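Visitor: Take a look at this one; I'll ask things after.
The values are calculated or read from the model by the stated rules, or taken from the named source; none is laboratory data. Worth saying up front: this structure is predicted, and the values here are computed from it rather than measured. Every residue, glycine as well, gets a Cβ built from its backbone with ideal geometry; the counts of neighbours run over all protein chains shown.
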Amino acid sequence: MFKIMVVEDDPKIRDIVIENIKKWNFQGLSVNNFNNVLNAFLEYEPDLVLMDINLPAYDGFYWCARIREVSKVPIIFISSRNTNMDIIMAINMGGDDFIQKPFSLDVLVAKITAILRRTYSYANVESNVLEYKGAVLNLKDCNLMYHDKKTDLTKNEFKILYVLIKNNSQVVSRDKIMEALWEDESFVDDNTLTVNINRLRKKLSDLGLTDFIQTKKGQGYIIQ
């Protein structure tokens, strides 16, 4: 069952849309905290987003751009704003379609269905991010995001963090990490691994992720 996230400032429209899409066997999530839209997106992992432009604090263009940093999930803008510039902005920021208010619920469902069919029936879509406790590892661009901060990772730092997050709550030995690096043609010795771990910890700390990687003496490292 496809999951749809509705980011709409008007509670009446929000409720009507959620109620209607459920009739078509879609799951719906209504976002009420407009300061943490990206967090809601990462937690819910929707297949499609309906995004209003006029929102409290940050507008829909802002949140569309933030989502596009981590995902290619389809985004349909719904707004009472209807100038050519608004529509151009919506598409340029990464939107897939634009529906003007007031709109027909039948038309909305038709557009949702068409975009979902195009996106998921004819493509093998895989997630481009790996998320753990708010830390978002971008698998495509080798960067790490945490809240509103982002840092670029070296090839080795990325591989180390990837292995640790994939095995979160489990101790990963130094040998296993080095094997993962060797598979990627990064030939490192024990000292080089230590240097990379220390540099990675510094970057994590700068993002606010202090003690994200913990050492288990004589065993290896763990994220938990």
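Yes/no per residue for (1) among the basic types (Lys, Arg); (2) assigned by TED's automatic domain parsing to the domain that holds Phe41; (3) under 22 Å from Asn35 (Cα atoms):
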position	(1), (2), (3)
Gly134	no, no, yes
Asn143	no, no, no
Tyr146	no, no, yes
Asp152	no, no, no
Lys159	yes, no, no
Tyr162	no, no, no
Asp175	no, no, no
Lys203	yes, no, no
Leu207	no, no, yes
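Visitor: Kindly evaluate Thr83 against the criterion of being modelled with pLDDT under 85, over 30 Å from Tyr146 (Cα atoms) and polar (S, T, N, Q).
Guide: So Thr83 fits the description; yes.
Visitor: Taking Asn168 as the residue in question, decide whether it is assigned by TED's automatic domain parsing to the domain that holds Phe212 and free of Cβ contacts under 8 Å to residues at least 12 places away in the same chain.
Guide: Judged against the criteria, Asn168 is not a match.
Visitor: For the subset of segment 43-58 comprising residues that are part of a loop (DSSP other than H, G, I, E, B) and aliphatic (A, V, I, L, M), which member is modelled with the lowest pLDDT?
Guide: Restricting to residues being part of a loop (DSSP other than H, G, I, E, B) and aliphatic (A, V, I, L, M), the top hit is Ala57.
Visitor: Can you tell me which residue among Phe2, Phe61, Phe77 is under 20 Å from the mean Cα position of the chain (by Cα), buried (at least 20 other Cβ atoms within 10 Å of the Cβ), at negative phi and not aliphatic (A, V, I, L, M)?
Guide: Phe77
Visitor: Pick from Lys216, Lys203, Lys140, Lys159: which is modelled with pLDDT under 90 and of a type in the set (Lys, Arg)?
Guide: Result: Lys140 is the single residue among Lys216, Lys203, Lys140, Lys159 that is modelled with pLDDT under 90 and of a type in the set (Lys, Arg).
Visitor: Then there's this: For segment 156-172, how many residues are touching a helix residue (DSSP H, G or I) at 6+ places or on another chain (Cβ under 9 Å) and of a type in the set (Gly, Ala, Ser)?
Guide: Adding up the residues that qualify gives 0.
Visitor: If you don't mind, another one. With respect to Leu48, determine if the residue is touching a strand residue (DSSP E or B) at 6+ places or on another chain (Cβ under 8 Å) and under 26 Å from Lys149 (Cβ atoms).
Guide: no
Visitor: Which condition breaks for Ile67 when tested against (1) outside any helix (DSSP H, G or I); (2) closer than 18 Å to Val37 by Cβ; (3) modelled with pLDDT of 90 or more; (4) of a type outside the set (Lys, Arg)?
Guide: (1)
Visitor: When you scan segment 62-69, do you find a residue that is of a type in the set (Asp, Glu), over 23 Å from Leu137 (Cα atoms) and assigned by TED's automatic domain parsing to the domain that holds Val107, even just one?
Guide: Looking through segment 62-69, none of the residues is of a type in the set (Asp, Glu), over 23 Å from Leu137 (Cα atoms) and assigned by TED's automatic domain parsing to the domain that holds Val107.
Visitor: Still on this structure, please answer the following. Quick check: anything in segment 30-38 more than 16 Å from Gly60 (Cα to Cα) and in the same structural domain as Lys101 (by TED's automatic domain parsing)?
Guide: There is no residue in segment 30-38 that is more than 16 Å from Gly60 (Cα to Cα) and in the same structural domain as Lys101 (by TED's automatic domain parsing).
Visitor: Within segment 98-134, how many residues are of a type in the set (S, T, N, Q), surrounded by 14 or more Cβ atoms within 10 Å (Cβ to Cβ) and either touching a His at 6+ places or on another chain (Cβ under 8 Å) or at pLDDT below 80 (or both)?
Guide: 1
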